[in-house]
Amino acid sequence: MASRKRVFDLLRTVNQAACKCPGHGHRGNVQVSNATPIPSTAFEIKHSTVRYGLGVTQEVGYDLVNLGAKSVCVMTDPNVVKLSPMKAVLEALTKAGVNYKVYDNVQVEPTETSFKDAIKFAQENDFDSFVAVGGGSTMDTCKVANLLSCYPGSELMDFVNAPVGKAKQIDKVLKPMIAIPTTSGTGSETTGVSIFDCESIKAKTGIAGGALRPLLAIIDPLHTLTVPQTVANYAGFDIFCHALESFTAIPYTKREPFPTPAARSQAYQGSNPISDVWARFCLQTIHKYFARAVYNADDVDARSGMHLAATMAGVGIGNAGVHLCHGLAYPIAARGKKFIPKDYGKKPMIPHGLSVVVTAPAVFRFTAVSDPDKHLEAANLLGANTTGVKQADAGKLLADTILKYMDMMKIENGLKALGFSGEDIPNLVKGALPQQRLLKIAPLPQSEEDLSMILDESMTVF
Ligand SMILES: NC(=O)c1ccc[n+]([C@@H]2O[C@H](COP(=O)([O-])OP(=O)(O)OC[C@H]3O[C@@H](n4cnc5c(N)ncnc54)[C@H](O)[C@@H]3O)[C@@H](O)[C@H]2O)c1
Ligand SMILES: [Fe+2]
C-alpha cells in the first residue's frame with residue numbers, strides 16, 4: 001500500500017501538472033498540506049435493488065427460481081391476502097413452479113406479540129427465502145421473521161435498539177427477502193429497519209441493521225389501485241414527513257461524535273447531497289400527485305408517481321434518517337388507543353402517517369432556525385411562493401404549507417382530535433426520549449421543554 005507521503009507527493013505533482021486554463025483549471029486544483037489531515041467525514045448510500053413498473057410482480061417467480069429458492073415464506077396481512085396483489089404474487093410463484101407457504105396473520109401496526117407469532121411460524125418451517133406482500137406492517141414483520149429464523153437461539157429483544165433491547169449486531173447475511181409494497185408510504189422495501197409497538201414501554205421501537213434490508217424491492221403501481229382513500233392519505237403523509245425530515249436532518253458533516261465506519265453502516269447518517277436528491281424528487285412529486293392520488297383511486301399516473309416517491313423517500317430516510325416527527329410519533333401511536341380510523345379494521349389505533357404528520361407544523365417551526373434556506377426550499381418544492389419571504393419567516397411558511405396539505409386531505413385537527421389532552425404531554429415526552437436514534441438526527445438539539453412545546457402546539461393545529 002502506498003505511504004501517505006507518496007500519496008501527497010503524487011497529488012502535488014498532479015496539481016502542478018494540471019491545465020490552468022479557465023475551462024479546466026479546477027481539475028487538478030487539490031489543496032495539499034503537510035499538516036496531519038483532519039479525520040475524514042464520509043457518508044454512504046445503501047438500498048435494495050429496485051424494480052419499478054406496472055405489472056412487474058409477474059416476474060417474482062423467476063426471481064425466486066434464479067435465487068435457487070426451494071421453500072418460500074410469503075407474508076401478508078388478513079386483508080391483503082384477499083386482494084389482487086396477493087393473487088398476482090401467488091400466480092407468479094405457481095407459474096414458475098416455486099414451492100411456498102403463506103403466513104397471512106400480520107398485524108397492522110405490529111406489536112411485540114404479533115412479531116413473535118410471525119417469528120414462530122418462520123422458525124417452525126425450514127424456509128430458504130421470504131416474500132412480503134403488503135404495507136410497512138407486513139414488510140417489517142417479514143424482516144424480523146427472517147432475522148430470527150437465522151438466529152434460532154436468540155430472542156427478539158436481543159436485536160431491538162438500546163435502551164429498550166440489547167442492540168445486538170446482526171453479524172450474518174440473512175436469507176433473501178423480496179419486498180412487494182402494496183401501500184405508498186413507508187419505504188420499508190429499501191430500509192434496514194423494522195418497527196413495532198413495544199407494549200411494555202408504551203412506545204414504538206425497532207431493529208436497525210443493514211442486513212435486514214430486502215434484496216429486491218418490486219415496485220408495482222398496479223397494487224396501489226385497491227388502496228382505500230384513508231390509507232392512501234395517511235401513508236402519503238408518511239412519505240411527506242420522510243422527505244421533509246431527511247431533507248432537514250442534521251448535515252452528515254456535523255454529526256458529533258462522527259460515526260465510526262461500523263456505526264455508519266448501521267445507523268442514520270444525517271442529510272447528504274445524495275439523499276437530498278431523493279427528498280427533492282419526493283417533495284415535487286407530492287406537490288404534483290398527492291391530492292390526485294388520494295381523491296382518485298383510478299388515477300394511475302398519480303398513484304404510480306406516489307408509489308415511486310414512497311420508495312425514493314425510503315432511500316432518503318434509510319440513509320439520512322428521520323427526526324422529530326417520527327421520534328414523537330412513536331409514543332403518540334403507542335399511547336393513542338381511542339381513535340378508530342376508517343379502512344384500518346375495527347381496533348383503535350393511530351396509523352403511522354397520521355402519527356407523524358400531526359406534529360409536523362410545530363416541528364418545522366422549531367427546526368427552521370437551523371437552516372432557513374433549506375426550509376424555504378422545502379416549502380417552495382411543495383408549491384409555496386417563497387419570493388421575498390424573509391429567512392426569519394421560513395418556519396412559519398413551511399408550517400403553513402404543511403397545514404394547507406393537512407387541510408386539503410381533511411387530516412384530524414391535532415392531538416386533541418386523536419384523544420389526547422395536555423395532561424398526556426409528560427408521558428409523551430418520556431416516550432420520545434428513548435428514541436435517541438432519531439432525536440439526534442434533528443438539526444437542533446432539543447430539551448424536554450422543547451419537546452413539550454412542540455406537543456402543546458400540536459394539540460390543535462388549525
Ligand atoms: N421499516 C421502515 O423503514 C418503516 C418506515 C415507516 C413506517 N414503518 C411502519 O410501517 C407501518 C405502517 O405501514 P403502512 O402505512 O404501509 O400500512 P399497513 O401495512 O399498516 O397497512 C394499512 C392498511 O392498509 C391495508 N392495505 C395495504 N395494502 C393495501 C392494498 N393494496 N389495497 C387495500 N388495502 C391495503 C392493510 O390491510 C391495512 O389495513 C407502521 O408500523 C410503521 O411504523 C416502517
Ligand atoms: Fe415513517
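Things to note:
Table: residues versus (1) outside the structural domain of Pro443 (by TED's automatic domain parsing); (2) open to solvent by 20 Å² or more (accessible area, probe 1.4 Å).
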site	(1), (2)
Asp171	yes, yes
Met177	yes, no
Ser188	yes, no
Thr205	yes, no
Phe240	no, no
Arg255	no, yes
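For (1) more than 16 Å from ligand 2 (Cβ to nearest atom); (2) open to solvent by less than 40 Å² (accessible area, probe 1.4 Å); (3) under 25 Å from Ile317 (Cα atoms); (4) out of contact with any Cys (no Cβ under 9 Å at 6 or more places or on another chain), each residue gets a yes or a no:
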residue: Gly336; (1), (2), (3), (4): no, yes, yes, yes
residue: Gly345; (1), (2), (3), (4): yes, no, no, yes
residue: Ser370; (1), (2), (3), (4): yes, no, yes, yes
residue: Ala378; (1), (2), (3), (4): yes, yes, yes, yes
residue: Thr386; (1), (2), (3), (4): yes, yes, no, yes
residue: Gly395; (1), (2), (3), (4): yes, yes, yes, yes
residue: Ile411; (1), (2), (3), (4): no, yes, yes, yes
residue: Gly419; (1), (2), (3), (4): yes, yes, no, yes
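Condition check ((1) among the polar types (S, T, N, Q); (2) more than 29 Å from Ile250 (Cα to Cα)) across all residues:
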residue	(1), (2)
Tyr289	no, no
Val300	no, yes
Arg303	no, yes
Met306	no, no
Lys338	no, yes
Pro341	no, yes
Thr367	yes, no
Leu381	no, no
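- Looking only at the stretch 153-167, and only at residues there that are open to solvent by less than 40 Å² (accessible area, probe 1.4 Å) and in a loop (DSSP other than H, G, I, E, B), the one that is nearest to Ala263 (Cα to Cα): Asn161
- Selection count, the stretch 115-134, where residues are of a type outside the set (A, V, I, L, M, F, W, C), in contact with a helix residue (DSSP H, G or I) (Cβ under 7 Å, 6 or more places away or on another chain) and either modelled with pLDDT under 95 or open to solvent by less than 70 Å² (accessible area, probe 1.4 Å) (or both): 2
- Qualifying residue in the stretch 20-34 (condition: aliphatic (A, V, I, L, M) and at pLDDT 60 or above): no
- Restricting Ala96, Ala88 to those that are buried (at least 18 other Cβ atoms within 10 Å of the Cβ) and at pLDDT 95 or above reduces the list to Ala88.
The values are calculated or read from the model by the stated rules, or taken from the named source; none is laboratory data. Here the structure is a predicted model, which means the values were calculated and not measured. Using ideal geometry, Cβ is built from the backbone for each residue, glycine included, and neighbour counts are taken over all protein chains shown. Only protein heavy atoms, including side chains, enter the accessible area calculation; ligands, DNA and RNA are left aside. Shrake-Rupley method; radii C 1.70, N 1.55, O 1.52, S 1.80 Å.
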